[in-house]
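The values are calculated or read from the model by the stated rules, or taken from the named source; none is laboratory data. No experiment lies behind these values; they were computed from the predicted model shown. Here the Cβ positions follow ideal geometry from the backbone for every residue, glycine too, while neighbour counts run over all protein chains shown. Just the protein is used for accessible areas: all its heavy atoms, side chains included, with ligands, DNA and RNA removed. Shrake-Rupley method; radii C 1.70, N 1.55, O 1.52, S 1.80 Å.
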Amino acid sequence: MQITDDLNRLLDIVPDDIRRPIEQHPQRDSLIEIVMDLGRHPEARFPSSAEPLSQMPVSKADLNYCIERVGHFGGDNRAGIEQTLHRISALRNRSGEIIGLTLRVGRAVFGTIGIIRDLVETGRSILMLGRPGVGKTTALREIARVLADDLKKRVVIIDTSNEIAGDGDIPHPAIGRARRMQVARPELQHQVMIEAVENHMPEVIVIDEIGTELEALAARTIAERGVQLVGTAHGNRLENLMKNPTLADLIGGIQAVTLGDDEARRRGSQKTVLERKAPPTFEIAVEMLERQRWVIHEDVADAIDTLLRGRQPGEQIRSVSDTGEVIIARESPAPPARFPGMAKSGGASVSPIRPVTPLSGWRSAGKMVPMPPQTAELAANGSAVSETRYFEELLEESLSVTPVAAPGRFSQHVGPNGEDLPLHVYPYGIARHQLEQVISTLNLPVVLTKDIDSADVVLALRSNVRNQSKLRHLAKTRQVPLHTIKASTLPHVARALRRLLDMEDPSTPEIADLTLFARSGSSDEIEALEEARLAVEQIVIPKGQPVELLPRSPHVRKMQHELVEHYHLKSHSFGEEPNRRLRIYPA
């Protein structure tokens, strides 16, 4: 990797008492910018620190010394030094006088785009995203040079602030054979973009900082004419563009769509959903997380569609090793954490699946089971020990145990009926997010499909199948088994998938996974579900005794009912609000 910065040209425009400390500084080659504010000490900024350059505050004479040696300040308050990449930005007071300068070091870095060179050579449009200072403009400059010199393409750079090709009428050599069109005022950038296509017949157009709706529309017009676009936009990740109505058109635009009843039932979603409006202007998106670590979305349309369905797209992460080798890693999307706030002391995350802690102290068969000796001793000494507090202590003890991850539950490669795994399931009338949650949580070899022809089985809601003769007919003609469930709840879905994989054994109920039953993951929900689970596993099943739980709110009791149903047991709510509670009965 080769770096040229013409740093001496920048130091020539600053006063001597500011220049000398920089020339002697050991980190001179990594200087980012010099800051000169009226009445303050001048600063040199490096990647990890900022250091004062003089004990004397900056005066108007110092500012004027710099201003006289640079080019004209444009409408964006930026100027440059002819045939260099340095950028001088001005701060003005209310009357328009310059009271501060930021002198940014511009470096031409050759070899930066080896990390995505294969994508550049495909001819598809590429959008670069990242925070300020991560190197978007440097990468853009190098891409323009590679396209023009190595690939022999006709490249036109739309250079609004002369930041890509430098100040002056003659562009910097770092852009190679690429041509540069300057923009008189920043608000005219979209007009120059269209003018470039109409007048100069480019094969590639390079644009820095697409930031307005008119520029986004101009970019779409250029892409529709078959010209390759390479540009940067204001945003750090794809999600930022989705939430930005001004720039959303770059990724296809977002619109609300109302589905018909059948389609909403087939998708397992609400009737009003968000969908992509049109094909994206840019086919590839590059999220520059760090200078040498980039996230690649090779299909922006697919990534946006995945995000709109509430899932994280698979990411390709590219980085550069110390030896200069490009390392490509593909990461599958991780399921969202159900309980982001649950962590034990020290910050280590704790799984909601925990070993059972011996528990006594509930009402059992109409009487209180004796408390442990230390708890009883506290009560004898006059300390108030409530059932709620006692349970909280037991729950805290349970949470303090770090679980050991269990191996994959299902290791064979052939399903119960001889079909290849993973099992392809076509859901009908069941929310996809519920199915995906069960599949990821229980690590099941199941893939959801939208095409009934590629499905191994159809899983549908029983009430919907009764009224859908067409679905029954399709399943019959295509010889795809049709399985139904009574209700679209997580326990029913989990049990159905286990049954399809021949994993269900009603005589030995499994330890419940609380992530399948909690809604929001609040502490109240976790406490209530853990209470019900421990009651079932410690008293109801082994001792055959009914257990009465603590009073809970209606929505929490509903979760407890679902958890009890998972164990093939019965439960009923009784009492008056706010003391209404669950009673669990043995089989």
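How much length is gained if the chain between Arg237 and Ala264 is pulled fully straight, taking 0.36 nm per residue apart and subtracting their Cα-Cα distance, in nm to one decimal?
Working: separation 27, 0.36 × 27 = 9.72 nm, distance 2.94 nm.
So the extension gain works out to 6.8 nm.
Using every alpha carbon pair in the stretch 220-315, what percent of pairs falls into each 5 Å bin from 0 up to the bin containing the largest distance?
Taking all Cα pairs of the stretch 220-315, the binned fractions are 3, 12, 21, 23, 18, 12, 7, 4, 1, 0 percent.
Tell me the carbon and sulfur percent of the accessible area for the stretch 126-229, rounded to whole percent, probe radius 1.4 Å. Write down the numbers at each step before the final one.
Numbers: 1990 of 4180 Å².
Exposed carbon and sulfur together represent 48 percent of the surface.
Hey, got the dipole for the stretch 1-159? About the Cα centre, +1 on K and R Cβ, -1 on D and E Cβ, debye to the nearest 20? The partial results should precede the final answer.
Details: 23 positive and 22 negative charges, 112 e Å.
Taking the Cα centre of the stretch 1-159 as origin, the dipole is about 540 debye.
What aspartates and glutamates sit close enough to Lys476 to cross-link, taking a C-alpha to C-alpha distance under 12 Å and skipping anything fewer than 8 places away on the same chain?
Asp453
Where Rh is the Kirkwood radius over the Cα pairs of the stretch 1-64, the temperature 4 °C and the viscosity 1.567 mPa s, what D in µm²/s does Stokes-Einstein return? Each step should come with its number before you reach the end.
Numbers: Rh = 12.3 Å.
Translational diffusion coefficient: 105 µm²/s.
Leaving out ligands, DNA and RNA, and with a 1.4 Å probe, what % of the accessible surface on the stretch 55-101 is carbon or sulfur?
On the way: 1280 of 2630 Å².
C and S fraction of accessible area: 49 percent.
Probe of 1.4 angstrom, ligands and nucleic acids ignored: what's the accessible area per residue over the stretch 198-306, in square angstrom? Could the numbers behind the result be given before it?
Details: 4900 Å² over 109 residues.
Spelled out: the 1.4 Å probe surface of the stretch 198-306, per residue, equals 45 Å².
Could you tell me what a quarter of the Cα convex hull surface of the stretch 155-273 works out to, in nm² with one decimal place?
Numbers: hull surface 37.2 nm².
Result: a mean projected hull area of 9.3 nm².
Determine the percent antiparallel among the DSSP beta bridges restricted to the stretch 72-229, to the nearest 5. Intermediate results must be reported in sequence, preceding the final value.
Details: 9 of 20 bridges.
Approximately 45 percent, going by the DSSP bridge assignments.
Please report the spacing between the Cα centers of the stretch 461-495 and the stretch 40-94 in Å, no decimals.
The stretch 461-495 and the stretch 40-94 have Cα centres spaced 70 Å from each other.
Please identify every one of the trypsin sites (Lys or Arg not before Pro) in the stretch 9-65 that sits in a loop by DSSP and has no more than 13 other beta carbons within 10 Å of its own beta carbon. Write down the numbers at each step before the final one.
Details: sites: Arg9, Arg19, Arg28, Arg40, Arg45, Lys60; in loops: Arg40.
Listed in order of number, the matching sites are Arg40.
Write down the accessible area per residue of the stretch 61-173 in Å², having rolled a 1.4 Å probe over the full set of protein chains.
Details: 4470 Å² over 113 residues.
Spelled out: the 1.4 Å probe surface of the stretch 61-173, per residue, equals 40 Å².
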